[in-house]
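Okay, so here's the structure we're looking at.
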Amino acid sequence: MRIYKKNVDKLSIEEYKKVFDIYVFFIDKKYLVPTPGNDSPYNLKEKYQTDLYQYKNNSWEKIDSFSINSDEKKKKEMNWRINFIEKKSNDLQTAFFNHINKVKIDNSWYRDYILPLDSYEPNYNYTYYIKISKDSVYVAERTLKDLLVPFQNADTLFLYHKKNLLSGSEYMENKQIPEVKIIKVKDKYYISSEVFDLKKQYFY
């Protein structure tokens, strides 16, 4: 992720417009009241309108609006914003899943990985069992069995929870995807995870 961030930081404004879908919530200046000397230079009038714009085909296109004339409408306007952002995020996740679900990975990744975790119970050893085959990919630990989606980038294999990519789930609270990363160095496979407390392991 840090590599992608470095690349994004180097983009110019024009490159941003080509690479990303850009949406802006905009309130026209005619709905603002100047407040010189205050922390905020403007206050909103009692009645105002929020417009939603999308940058498309080298121009800004208004795609939606929301009018506000009461405190209740202000709350609804905030929900309108949140719902739009969440829907767009879910649409992107679904599109990403549909894409990587069709991408093939090298045969060398097909194997079983057994990962010990730090145990929080006496006399019990936690293990995560990851199965990568042509038919299915999943992670299992006691009663947990969750489908994974693999995505290969050169000598790195990212494993995403299918639930994460398609809809909200308990894992989304972690805000860490992919959950598991496997890096191949010659004949060794190094596994790490920011979500699960995996001990550093490598496999031949």
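The values are calculated or read from the model by the stated rules, or taken from the named source; none is laboratory data. Remember, it's a predicted structure, so these values are computed and weren't measured experimentally. Positions of Cβ are generated from backbone atoms using ideal geometry, with glycine treated the same way; all protein chains shown enter the neighbour counts. Note: accessible area is taken over every heavy atom of the protein model, side chains too, but ligands, DNA and RNA are not part of it. Shrake-Rupley method; radii C 1.70, N 1.55, O 1.52, S 1.80 Å.
Here are a few things to note about the model shown:
- Greater than 23 Å apart at Cα, pairs in K17/K45; K29/K75; K30/K88: K17/K45; K30/K88
- Highest average packing first - 12-22, 181-191, Cβ atoms within 10 Å: 181-191, 12-22
- Per residue, the solvent-accessible area of segment 14-72 (1.4 Å probe, heavy atoms of protein chains only, all protein chains present) comes to 77 Å².
- Projected label distance in nm at Q54 and E15, using a 7 Å step from Cα toward the beta-carbon: 2.5
- Note, ³J(HN,Hα) from phi for segment 94-106, Karplus 6.51, -1.76, 1.60, rounded to Hz, x at Gly and Pro: 5, 4, 5, 4, 4, 6, 6, 5, 9, 7, 7, 10, 5
- When the Cα gyration tensor is reduced to axis lengths a ≥ b ≥ c, the ratio a/c is 1.5 or higher for segment 10-53, and with a/b not above b/c it is classed as oblate.
- Ranking of H99, H161 by solvent-accessible surface, largest first: H99, H161 (1.4 Å probe, protein heavy atoms only, all chains present).
- Rounded to the nearest 10 square angstrom, S70 shows an accessible area of 50 square angstrom against a 1.4 Å probe.
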